[in-house]
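Notes to accompany the following structure.
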Amino acid sequence: MALKLVMIMFSVLMFLSSTSARRAFLADGGNFDVTNPKYGGKPGSDIAEALAKAWKDACASASPSKVIVPKGTFKVKEASFKGPCKAPIEVQVQGTLQAPEDASQLSKQDTWIEFLYLNDFTLSGGGTFDGQGQKTWKAIDPKNPKASAINIRFHAVKKSLVKDITSLNSKNFHINVISCEQLTFDHVTVTAPGDSPNTDGIHIARSTGVNVTDTNIGTGDDCISIGDGTKQLTITKVTCGPGHGISVGSLGRYDKEDPVEGVNVKHCTLSKTTNGVRIKTWAKNPHPSTCSEIHFEDIIMNDVQNPIVVDQEYCPWNQCDKQASSQIKISNVSFKNIRGTTSTPLGVKIVCAKGLPCEKVEMTDIDLKLTGTGALTSQCTNVKPIITNVPKPLACATDAPVPAGPAEKSND
């Protein structure tokens, strides 16, 4: 009887001990800190394995959970955060994550960190994703770039939020958004030198209902680039510069691209960028498509080259036949209340396809002053826009080719 009592007491103590440990581990509503002894993450070391273990536990939790990277600098060879998870989940990066300087260390040459197949997901924390891309940039041939690692990929992420993070010095695109729905970027910072090649800030394609707001982007390529299949995209309160502007496209380079429909860009400021707001389609396309309901409104230009552009003869590095006519039909496009300064004489360039003219294009309340040399002018070819309250030099002054600002060194 005494032995039986001892065994019962021992079992009770073991249960209480394990329960206490579990409660301590899951304190504060299910936090999974990568520096917890269970995971073993330490500043200055590679925490890829610690992240994978913490994510596995958090994703399996039946209640809301959070993976935490505390303040400090941590190396990460690579990381994949894959769902679906059992409950809403957050990754909170408070510190700095550093990618390998040598891209050959990555098992996927085009990916450093990825988030896949997630619903009700949040990425936050005020931390930094440092791609350490300087070595890679030096080795890139801009005319024939090889795949290099994107800092952060989002694939099939739905009803989710990315806020208060920084992407720094990515080897390639900073943030890539593919096949996502209802994904919001709020107070995101993107930083790289103005001469860093192919470092688009946020690239969005084949996604619906993406929102980008209160975001600051300075990089070496498009601040935001919008690829095929994008629908119902809203961009508000974004500052861009340095960079190549906010671009729909390039479109029409690849076979069977999906239409772009419903892009709204409002209350943005661009400073010293090589382009302002634009739509670009390749001169020759393997497959016809459409680009419609594209609206740019309340945009401030500060010493911007080529502030307003529609270019259906896009052909960087002469990689295509510029005599061909683009098969991308552009319609229902508006440029409204665009003000500020241009550093190049060609303030407005709308060059549509000769075999497929643009339709329903509006220009309203455009006021741009020239800070550089020459005379302010504009070009409209294969388009008859509706023009309201636009100074004569900007109101389709000619349909003949006019030299634009310096050509961008971009391959997409």
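Only one of the numbered conditions (1) closer than 25 Å to T219 by Cβ; (2) more than 24 Å from the chain's Cα centre (by Cα) is not met by E297, and that is (2). If you go through region 104-118 and pick out every residue that is at pLDDT below 95 and touching a strand residue (DSSP E or B) at 6+ places or on another chain (Cβ under 9 Å), you end up with 2.
Give the residues of region 77-91 that are more than 13 Å from L116 (Cβ to Cβ) and either surrounded by fewer than 16 Cβ atoms within 10 Å (Cβ to Cβ) or out of contact with any Phe, Trp or Tyr (no Cβ under 8 Å at 6 or more places or on another chain) (or both), sorted by residue number. K77, K86, A87 - these are the residues of region 77-91 that are more than 13 Å from L116 (Cβ to Cβ) and either surrounded by fewer than 16 Cβ atoms within 10 Å (Cβ to Cβ) or out of contact with any Phe, Trp or Tyr (no Cβ under 8 Å at 6 or more places or on another chain) (or both).
Could you tell me whether S326 is buried (at least 21 other Cβ atoms within 10 Å of the Cβ), at pLDDT below 95 and either within 20 Å of V265 (Cβ to Cβ) or not basic (K, R) (or both)? When the stated conditions are applied, S326 passes them.
Residues are listed down the side, and each one gets a yes or a no for (1) in a loop (DSSP other than H, G, I, E, B); (2) open to solvent by 30 Å² or more (accessible area, probe 1.4 Å); (3) free of Cβ contacts under 8 Å to residues at least 60 places away in the same chain; (4) on the phi < 0 side of the Ramachandran plot:
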site	(1), (2), (3), (4)
V162	no, no, yes, yes
S167	no, no, yes, yes
K171	yes, no, no, yes
V177	no, no, yes, yes
Q182	no, yes, yes, no
F185	no, no, yes, yes
G194	yes, yes, yes, yes
I204	no, no, yes, yes
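Of the numbered criteria (1) touching a helix residue (DSSP H, G or I) at 6+ places or on another chain (Cβ under 8 Å); (2) surrounded by fewer than 17 Cβ atoms within 10 Å (Cβ to Cβ); (3) more than 22 Å from G72 (Cα to Cα), the one E101 fails is (3).
Considering each of T239, T213, T269, T230 in turn, give the residue that is touching a Ser or Thr at 6+ places or on another chain (Cβ under 7 Å), without any contact (Cβ under 8 Å) to a residue 40 or more places away in the chain, open to solvent by 50 Å² or more (accessible area, probe 1.4 Å) and β-branched (V, I, T). Only one candidate qualifies: T239.
Matching residues to (1) among the small types (G, A, S); (2) out of contact with any Leu (no Cβ under 9 Å at 6 or more places or on another chain); (3) open to solvent by less than 20 Å² (accessible area, probe 1.4 Å); (4) not in a loop (DSSP other than H, G, I, E, B):
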position	(1), (2), (3), (4)
F335	no, yes, yes, yes
T364	no, yes, no, yes
T373	no, yes, no, no
K384	no, yes, no, no
P393	no, no, no, yes
P401	no, yes, no, no
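Comparison of N318, N285 shows that the only residue that is closer than 16 Å to R253 by Cβ and open to solvent by 40 Å² or more (accessible area, probe 1.4 Å) is N318.
The values are calculated or read from the model by the stated rules, or taken from the named source; none is laboratory data. All figures in this text were calculated on a predicted structure; none of them were measured in a lab. Using ideal geometry, Cβ is built from the backbone for each residue, glycine included, and neighbour counts are taken over all protein chains shown. The protein model used for the area step is the full one, side chains on, heavy atoms only, and it has no ligands, DNA or RNA in it. Shrake-Rupley method; radii C 1.70, N 1.55, O 1.52, S 1.80 Å.
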